[in-house]
1. Within the range A:309-320, is even one residue part of a helix (DSSP H, G or I), within 30 Å of A:LYS16 (Cα to Cα) and among the polar types (S, T, N, Q)?
2. If you take the residues in the range A:14-48 that are among the small types (Gly, Ala, Ser) and surrounded by 13 or more Cβ atoms within 10 Å (Cβ to Cβ), which one is nearest to A:GLU287 (Cα to Cα)?
3. Within the range B:109-167, track down each residue that is over 30 Å from A:VAL172 (Cα atoms), among the polar types (S, T, N, Q) and in a helix (DSSP H, G or I).
4. Listed residues A:THR92, A:THR117; which is outside any loop (DSSP other than H, G, I, E, B), within 14 Å of the chain's Cα centre (by Cα) and within 14 Å of chain B (Cβ to nearest Cβ)?
5. Which residues, counting only those in the range A:162-186, are at the interface with another protein chain (Cβ under 7 Å from one of its Cβ atoms), surrounded by 24 or more Cβ atoms within 10 Å (Cβ to Cβ) and within 20 Å of B:PHE115 (Cα to Cα)?
6. Of these, A:LEU144, A:LEU151, which one is facing chain B (nearest Cβ under 7 Å), among the aliphatic types (A, V, I, L, M) and assigned to a loop (DSSP other than H, G, I, E, B)?
7. Determine which member of the set A:SER202, A:SER235 is closer than 23 Å to A:TRP74 by Cα, crowded, with 21+ Cβ neighbours inside 10 Å, out of contact with any Gly (no Cβ under 9 Å at 6 or more places or on another chain) and facing another protein chain (nearest Cβ under 9 Å).
8. Scanning the range A:81-105 for residues that are of a type outside the set (A, V, I, L, M, F, W, C) and crowded, with 24+ Cβ neighbours inside 10 Å, which turns out modelled with the highest pLDDT?
Amino acid sequence: MQHVSAIREPLITGGKTLHDVTQDICYQVEAKPNIRWIGAMSVALFFLGVFFYSVYRTLWYGIGEWGLNKTVGWAWDITNFVWWVGIGHAGTLISAVLLLFRQKWRSSINRAAEAMTIFAVICAAMFPVLHMGRPWLAFYVFPLQNTLGSLWVNFNSPLLWDVFAISTYFTVSLVFWYTGLVPDFATIRDRAKGPIAKFSYSMLSFGWTGSAKAWSRYETVSLILAGVSTPLVLSVHTIVSMDFATSVVPGWHTTIFPPYFVAGAIFSGFAMVLTLMLITRVVFKLEDYITLEHIALMNKIMMVTGSIVGVAYITEFFIAWYSQVEFEQYAFINRATGPYWWAYAAMMTCNVITPQLVWFRRVRYSIVLTFILSIIVNIGMWFERFVIIVTSLHRDYLPSSWAMFSPSIIDIGVFVGTLGLFFTLFLLFAKFFPVINMVEIKSILKYTVDNGPTYTGNHGHSVPATTYSVTPGVPASAPVTYDKHD
Amino acid sequence: MTKRFALGVFEDEDVLLHAIDNVRGAGVKIYDVFSPYPVHGIDDALGIERSRLPIAAFFYGMCGLAFSLWLQIYTLGFDWPMIIGGKPQIALPAFIPVAFELTVFFTCHGMVITFYTITGLYPRFKTPVMDVRSTDDKFVMAIELDENNSSLPKLTQLLRENGASEVNQKEMTKK
């Protein structure tokens, strides 16, 4: 098999046919779970247990179980919230922005990345809800009339914008993801052997048959969803950054927060996509679909966004100096040299220095190095949020209330617990859903081989019939009659 | 209503597209074409009209925008006016984020619900499929047969000439 262009690497290797694609992807869904999956699931379930225990402690005894104090009222919870939301962004970026930009290589990774988005947003949403202390009153954030009178929510508050942004983002991503899954569920349904599988995938596939008109509408829907998701994904992290940027706290009151947070979100999101895809391709033997080329491309995006983040760190310092506001200047000097200098150093090393290694071709195409790098970036981006939140809060205008923050065991438990929640959901997804978008892979397959398309459209007149050789052994005109609804 | 269909099975999308042109050119009405992925150019070949979903999407978006502006202006400006942070009661710039989010929310969900409704997709126990291989690797063209199947030999001939690897028939309940 050859590819069309001499300067482009093939998107799918291994000389796959349409049927091979179905076989390879459906195999994972149809086969019994392997030992590695069971092992990973056990670890994930253990941490899910940690999550439930920590949440129980938080809800039963209250937010006092966390290490928050009168000065640092937002610490790990909001750090984790912003971190998880940021991770979610790469999924939508891959599925929407790269679709609009006609980047065909996204097809191999978009399904898993979108699933990652959904699960990351679920994990993110846990933190603000738990931080309320009384989550059963969470409906207060929605514009419902109060029982005491017609008191409404405050639409001037970025925290309320967050409610709308996150809930819109979650539901839109979910619908986008599910609509993309419907034709693939139909493929699994039509191959299913057992009655349970037949029934469940029939329910999930919504009766999809793949008729031409349905496909036509499906493509329209995908394109419009991508079109509205693109500004949506940028708006969500912009609004998350406004939680900080619209305040007057030195270190938070920064106009570059929206683009800087969006770049950071894509940065950490791609790191997480890389972490997950590197594991998935090995565990499920998908090396032909997620090639080294895919990994290199993701690495490049990670490097570009990482560099944008690096520029943002320097810009913050420059603006603090240039604005001549002494509180701003102090906040940034305190960040780099104060008691949390180690967090700042970790952030700088992980986010600014390490991604620059991607310039080396050898690093870009190395699976082991990419994996290590993606983990480092994830850690670094967590520290970035921690630095922004805690170093700005622990010393602000009033020196008498300066304080330090250290996490409690429950703080750590909730964070590690959400990792368990995330991986439990991801592993379930990887087992029961097709991890790679079969439809999109099939539709790009022809464009990666040398005998590309020949049809150029009938311009109002019929095309002269080409003589096709009749394959021997195939029933010519002996009709096979099936039973109704076989 | 149960009907009999002739099913031409094709292996390749380009062969299918040429076949659609020729079958339609021969004056045969195609009932439907089933494919494992969206075939580009099939809309023109089959004469499927452009979807009006984008218009619907725009309409839903406008509804979302109008609703969000009404909600924010009515609640904060008229129903319970309060001065928050010295801002005016109807602080339009502050209303932009929620207005944007609700526009997207209404566009997306309105359009997707419309898509599922008009395409007839809903969870069901059993799905009748013309040929199960059409969700795997085959392209299937379905042509409705007349009462006593008299058109079958001619159709078989036509489909075979145009590159169908198999011609089958099947009884189905017509939508």
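The values are calculated or read from the model by the stated rules, or taken from the named source; none is laboratory data. These numbers come from a predicted model, not from an experiment. Backbone-built Cβ (ideal geometry, glycine too); neighbour counts: all protein chains shown.
1. No, the conditions are met nowhere in the range A:309-320.
2. Top of the filtered list is A:ALA40.
3. Result: B:THR156, B:GLN157.
4. That would be A:THR92, the only listed residue that is outside any loop (DSSP other than H, G, I, E, B), within 14 Å of the chain's Cα centre (by Cα) and within 14 Å of chain B (Cβ to nearest Cβ).
5. Within the range A:162-186, A:THR168, A:VAL172, A:ALA186 qualify.
6. None of the other options fit; the residue is A:LEU151.
7. Answer to the check: A:SER235.
8. A:GLY86
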